[in-house]
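We did not get these values from a lab; they are worked out from the coordinates using the rules stated. From a predicted model like this one, the values you see are computed outputs, not experimental measurements. Here the Cβ is made from the backbone with ideal geometry for all residues, glycine too, and neighbour counts use every protein chain on show.
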């Protein structure tokens, strides 16, 4: 394993932050400053600021993210999801993201292979959200979103919509297979609607079920 990947996996640092730690001389491989391209084997000793690093056993959790928390380690003044997790889980990394104002199912893992399977476009993992709009969705706009797609700056966005309640044109169940940044919010905004609530209930085969807000469970 490349040393920057090893440092990232064993500390929860981003790959860029791991690169910076190596460049700053904070990382040692068997007592010596490693090159950026160095590889780590099972018998090597890697330290960061003098403390030995090890990669924990693979672990994945479902976390019920509340609205108002940033899916990041650096909240830049905002509360982050890691403020709600116990210390032993703070090395886990989110699989995809939910923006600050969104809530619901968030997967966190240190299993890189699982994260790759869940996020790579070729695997087309279904995601399901409950949303509320600031105003009723017009039939024409529903047809555009579901049947035609809405053109955004980064390509066409097509979502499957079902009513959450019969006769309520503000509350919808959204099913999608992509995961572009703020795609749902941007799709409705392009048609003059504001998403006032966005709550994810399913990601791939994983479902939120009755998990309490701010809590997690192992999977």
Computed lengthening from residue 160 to residue 119, 0.36 nm per intervening residue step minus Cα-Cα distance: 12.8 nm
Paramagnetic label zone (point 7 Å from Cα along Cα-to-C-beta, residue 132; backbone N under 12 Å) in the range 158-180: 170-172
Bridge type composition, the chain - antiparallel percent by DSSP, nearest 5: 95 percent
Sequence-separation-based contact order of the chain, relative, with Cα cut under 8 Å and 6+ spacing, percent: 21 percent
Estimated FRET transfer efficiency (residue 35, residue 67; beta-carbon r; R0 35 Å; 0.05): 0.20
Most mobile listed residue (90, 16, 197) in the chain, GNM with C-alpha springs under 10 Å: 16
Listed residues 72, 205, 102, most fluctuating in the chain (Gaussian network, C-alpha, under 10 Å): 205
Selected from 161, 108, 53 as most flexible by GNM, with the chain as the system and alpha-carbon contacts under 10 Å: 53
Calculated SAXS-style log₁₀ I(q)/I(0) at q = 0.24, 0.25 Å⁻¹ - the range 57-109, Debye, Cα scatterers: -0.90, -0.97
For the chain, diffusion coefficient by Stokes-Einstein and Kirkwood Rh (Cα), 25 °C, 0.890 mPa s, µm²/s: 127 µm²/s
Approximate spin-label separation residue 90-residue 148, in nm, with each point projected 7 Å along Cα-to-Cβ: 5.0 nm
Cα gyration tensor, the range 53-152 - rounded (a/c under 1.5), prolate or oblate: oblate
Share of pairwise Cα separations in the range 126-203, more than 15 Å, in percent: 50 percent
Cut-off 13 Å, label 7 Å out along Cα→Cβ of residue 20, residues of the range 65-105 by amide N: 73-76
Computed E for residue 54/residue 74 - FRET, C-beta separation, R0 25 angstrom, nearest 0.05: 0.55
Neighbour-count order for 219, 81, 55, fewest beta carbons within 10 angstrom listed first: 219, 55, 81
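For a footprinting-style exposure proxy, rank 82, 206 by other Cβ within 10 Å, fewest first.
Listed from fewest to most nearby Cβ atoms, that is 206, 82.
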Whole-number D in µm² s⁻¹ for the range 3-52, Kirkwood Cα-pair radius fed into Stokes-Einstein, 20 °C, 1.002 mPa s: 205 µm²/s
Added length on full extension, which subtracts the Cα-Cα distance from 0.36 nm per residue, residue 197 to residue 215: 4.5 nm
Sequence of 191, 92 once ranked by neighbouring C-beta atoms within 10 Å, starting from the fewest: 191, 92
